[in-house]
1. Apply 1/(1 + (r/R0)^6) to the Cβ-Cβ distance of residue 156 and residue 248, taking R0 = 22 Å, and write down the FRET efficiency to the nearest 0.05.
2. Which shape class applies to region 94-309: rounded if a/c is under 1.5, otherwise prolate when a/b exceeds b/c and oblate if not, where a ≥ b ≥ c are the square roots of the Cα gyration tensor eigenvalues?
3. Between residue 166 and residue 102, what FRET efficiency comes out of the Förster formula 1/(1 + (r/R0)^6) with R0 = 22 Å and r the beta carbon distance, rounded to 0.05?
4. Take the alpha-carbon centre of region 305-344, take the same for region 113-179, and report the distance between them in whole Å.
5. Taking neighbour counts of Cβ atoms within 10 Å as a proxy for exposure, in what order, fewest first, do 356, 161 appear?
6. Exposure proxy check: 109, 342 ranked by fewest other beta carbons within 10 Å?
7. Counting other beta carbons within 10 Å of each residue's own, what order do 254, 132 fall into, fewest first?
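Just so you know, all these numbers are worked out from the coordinates, no wet-lab data involved. In this text the structure is predicted, and so the values were computed from the model without any measurement. As a convention, Cβ positions derive from the backbone with ideal geometry for all residues, glycine included, and neighbour counts pool all protein chains shown.
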């Protein structure tokens, strides 16, 4: 009977010790959290020793055998939501041409955002308007801007891009996920690159990959354009903010509360003087990012107090496709191309062949 009572007392003492140690452990843990101590380190150093005092050495060996988990493999940036954009943010260039502008001193830089897998568009552009490297005595330089491809085949595609970069030396790739909702990131990375590696040029044009560009007309316009605080293209005014959730361009009130956007140049193709990239990147630190990239630049321009200006001719930039004719294309700067079976290589070859484009203002074939 005495033996049983002694055992009960001993068990009670052991239980009290365990409870006391557990209580002290919780107090220490709360203090560590309050002091912002790295608990991941403690979890694999101190905690096993504390537990050993409470539970015995047999359990310690099991815990000490737990290895520190490997850090997760970095993955491409994914937007935190449909309408939120993580910018400013530190993105890195994976493929770069940091010396090209310094070496060739271009007057005009053409920046073409394009999907990593879309080599066909890059080939067409290089073979048509993107291949014009000298126009009216001015050096023109072409670059393609890409993000990262995700999913199956991404590693193989990255190897192909590295090979394409060696062949053409015109790819700029950063480590964000290349998708529609990240176009603002793509645009801001473009501006960062222009500021860091091409600020000595006079002008840059961001132009979509499905456009036709009349480079001589563009250079002719820029020869007489303002040298600073200049952005032009097809300028939108009083555009309504779309609140229909079914719309591709839906923006919730909590992201942008006004009913109209400020003046902005449509993203199909806009031109800017090369003093603006630095200013726009700085403005972006004060303007909440919006996933509609051309609107976001308009918001940054509004913050700077620099409204985009209309081009000298209203027909220079066209959001609706202009049917091809030598005369019609000779009068514009940029147009979206018709979605039909017209071969862009044939169009370019026909447009550049010798002879007058127009006769007495009429189409000449």
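1. 0.10
2. Oblate is the answer for region 94-309, as a/c is 1.5 or above yet b/c matches or exceeds a/b.
3. According to the calculation, E is roughly 0.65.
4. Each part reduced to its Cα centre gives a spacing of 23 Å.
5. Numbers: 356 10, 161 21.
Least crowded to most crowded, the residues run 356, 161.
6. Ranked by crowding around the Cβ, least crowded first: 342, 109.
7. Listed from fewest to most nearby Cβ atoms, that is 254, 132.
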